[in-house]
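The values are calculated or read from the model by the stated rules, or taken from the named source; none is laboratory data. Since the model is a prediction, treat every value here as computed from it, not as a measurement. Here the Cβ positions follow ideal geometry from the backbone for every residue, glycine too, while neighbour counts run over all protein chains shown. SASA here: full protein model, heavy atoms, side chains in, ligands and nucleic acids out. Shrake-Rupley method; radii C 1.70, N 1.55, O 1.52, S 1.80 Å.
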Amino acid sequence: MKILYYGSACDEEWFVEASKIKKMPSYVAQYKFEMALLNGFSEIDDIDMETHYLYQENYYPTGHFLKFKSKIKKINQRYKVKYISYINLPLLKEIDFFLKGLLITLKWAVKNRKNKEKIIFTPFNYTPLSLGVWLAAKLARIKRANVFTDLSSDIINKERQANMIF
């Protein structure tokens, strides 16, 4: 089985650095969940997975990066993760993620067109990326599975409520 994976699973070194920046318990919980999931998949011999990492932060200059660079790191004994690069400015970031989701997925679909058992798996759902992935999955007729973890304390905390526009 071929799996295309988009999520927040990354190498341990980057996770330590990113969690110091974010300081959110839900980020740690999401990372631990996804790493347990990937470690479980890595123990199954007939699963071949391509993994992509999406780092999210506020727009620059509030965020730390103007341009988040692409890189490839090993996350466990079997899989490597590809960090999705982007320009961290309003609208450019969203367009960039949409196009990358669309193009990465279409490229993967063409590469694995002869394999009948393939799926796109995303436990991390960011609308611009997910829209590009969804569109490519529909065009290529590939099944897609989303996992929504219950991180309600992160979704609607007091700071975020204060910044909401009603």
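A few comments on the model shown:
- Test result for residue 100, under 25 Å from residue 28 (Cα atoms) and assigned to a helix (DSSP H, G or I): no
- In the stretch 37-74, the residues that are open to solvent by 20 Å² or more (accessible area, probe 1.4 Å) and at pLDDT below 85: 56, 57, 58, 59, 60, 61, 62, 64, 65
- For the stretch 101-141, taking the residues that are over 15 Å from residue 51 (Cα atoms) and of a type in the set (Ser, Thr, Tyr), the one that is surrounded by the most Cβ atoms within 10 Å (Cβ to Cβ) is identified as 126.
- Output for the stretch 1-10, where each listed residue is crowded, with 19+ Cβ neighbours inside 10 Å and assigned to a loop (DSSP other than H, G, I, E, B): 8, 9, 10
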